[in-house]
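Heads up: the structure comes next, in structure tokens.
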Amino acid sequence: MTSTTATSATTPPRDAMRLRELVFGAACAAAVRAAARLGVADALDDTPQDAERLAAAVKADPRALRRLLRALTCYGVFTEEADGRFAHTDMSRQLREDDPRSLRWIALWCTEPWTWAAWPKLDEAVRTGDSVFEGLFGKEFFPYLHEDAAESAHVFNRAMTTSSVQSARDVAELLDLDGVSSVADIGGGQGHVLASLLEKHPGLHGTLLDLPGVADNADPRLRAGGALADRVAIVPGDCRRAVPVQADVYIIKNILEWDDESTRRTLANVVGAARPGARVIVIENLVDDSPSMRFTTAMDLMLLLNVGGAKHTRGSMAARMAEAGLVLGEVRPVNAYLHAFESTVPA
């Protein structure tokens, strides 16, 4: 008997079954996407329902919908009662549009049409270390998204808004801003983190810096006429080129992941603009030392595929900050998938 035969013969059945399940992972992702697009979770209320009634509500074939639901129950998304009716689980409720923890748009974003073309090219991306997106679609990721894939761009915007709103509450809860009079959200998107901080700290003034097209669509609370507008300055600009803002605290959340040069320029610009002693708080997903490693490492691989970027390890993020001249302090979890790196600008 060869060593190969011996190894396969002694492979534990559980491991073999697990590998079979893993290689069908696309089926699970597709099933979640189908349920989200059909609106199954929204159609199901607190009373269990049979597949026929749900199918009528979402305009689907009853037998096919039962098959979809049966597959999803294997992963804890919905549950099947003894009488054959289906009921919500904690996970399926997060596919509802109206759930405060809703992940519906994030589920759709992670399974958009372009992803199915890109994932099979992962071996190519690993060989070269570069994005495969332009080779597939003839354009870089964001130009393609906004010029050729309007529906996908809409899904992306909704997903980023959902994620930002949810994490903004966690950031506001974590940060101690007692005695701070000004905060700058660098590359802060629509400014959900900034809005949450201003709502929690009535004496705080804030600045939102992001690209003109992004800053123009800031959270309504921050724009003229909004509840927080009198304490906010919205500054259009590219933090990779300049940070024309002075503040007591700078927040940089989830933007230091595209490429090393962009990261270095952004941190250098913040340090160059800040007063000695200013706090710089970098908030990122980590691909190590995280309770949600399967999630963050998957995002890391998606970044490699679409833009050639990378998520950080604790060490790589600390190293980039130290290279910029920042004095690193405590590193704390914001939630299950984000960490906050506290630092100060030296005198």
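Observations
- Length added when fully stretched, M91-R63, from 0.36 nm per residue minus Cα-Cα: 7.8 nm
- Our estimate of slack between R332 and D230, defined as 0.36 nm per intervening residue step minus the Cα-Cα distance, is 33.6 nm.
- Surface listing: R33, R20, R70 arranged by accessible area from highest to lowest gives R20, R70, R33, probe 1.4 Å.
- Residue-averaged 222 nm ellipticity for the chain, from DSSP H runs of 4+ at -39500 (n - 2.57), nearest 500: -14000 deg cm²/dmol
- Surface exposure of the chain, expressed per residue as accessible area with a 1.4 Å probe, stands at 50 Å².
- Measuring with a 1.4 angstrom probe and ignoring ligands and nucleic acids, M17 comes out at about 90 Å² accessible.
- If you run the Gaussian network model on the chain, springs between alpha carbon atoms under 10 Å, then out of A195, A57, A278 the most flexible one is A57.
- A82-D99 pseudo-label distance in nm [points 7 Å out on the Cα-to-Cβ vector]: 2.6
- Here D238 sits with roughly 30 square angstrom of accessible surface, probe radius 1.4 Å.
- Crossing angle, helix 293-306 versus the chain [Cα axis fit, 0-90 degrees, rounded to tens]: 80
- The length gained by stretching the chain between D123 and R264 to full extension, at 0.36 nm per residue less their Cα-Cα distance, is 48.0 nm.
- Antiparallel bridges, percent of DSSP beta bridges restricted to region 213-347 (to nearest 5): 65
- Structure-derived volume of the Cα convex hull per residue in Å³: which label, when the choices are (1) 186; (2) 159; (3) 124: (1)
- Once the C-beta distance of R294 and L136 is scaled by a Förster radius of 25 Å, the resulting FRET efficiency is 0.50 to the nearest 0.05.
- Estimated inter-spin distance, K200 and L174, nm [label 7 Å along Cα→Cβ]: 1.0
- Candidates V334, V155, V126: whichever shows maximal mean-square fluctuation once the chain is modelled as a Gaussian network with Cα springs under 10 Å: V126
- For the residues V23, V245, V77, a GNM of the chain with alpha-carbon springs under 10 Å puts the largest fluctuation on V23.
- Non-local lysine pairs in the chain, meaning eight or more places apart or on different chains, with alpha-carbon distances under 30 Å, amount to 8.
- Think of the chain as having a plus end and a minus end, set by charges on the Cβ of Lys, Arg, Asp and Glu; of I252, T111, L54, L54 sits farthest toward the positive end of this dipole.
- Using C-alpha pairs under 8 Å with a sequence gap of at least 6, the mean separation divided by the residue count of the chain gives a relative contact order of 12 percent.
- Summary of the geometry: region 40-69 and region 116-163, compared by the centres of their Cα atoms, lie 32 Å apart.
- For H205, the amide hydrogen comes within under 5 Å of the amide hydrogens of S182, V183, counting only partners 5 or more places away or on other chains and with H modelled in the peptide plane.
- DSSP bridge pairs, the chain: antiparallel proportion in percent, nearest 5: 40
- Cα-based helix-to-principal-axis angle, 260-273 vs the chain, degrees rounded to 10: 30
- Coil-residue chymotrypsin sites (Phe, Trp or Tyr not before Pro) of region 42-119, DSSP, other Cβ within 10 Å capped at 15: Y75
- With DNA, RNA and ligands ignored, accessible area of E261 (1.4 Å probe; Å², nearest 10): 90
- Using alpha-carbon coordinates, inclination of helix 13-23 to the longest axis of the chain, degrees: 60
The values are calculated or read from the model by the stated rules, or taken from the named source; none is laboratory data. Only a predicted model underlies this, so the values are computations on that prediction, with no experimental measurement involved. So basically every Cβ, Gly included, is an ideal-geometry build from the backbone, and we count neighbours across all protein chains shown. Areas reflect the complete protein model, heavy atoms only, side chains present, ligands, DNA and RNA absent. Shrake-Rupley method; radii C 1.70, N 1.55, O 1.52, S 1.80 Å.
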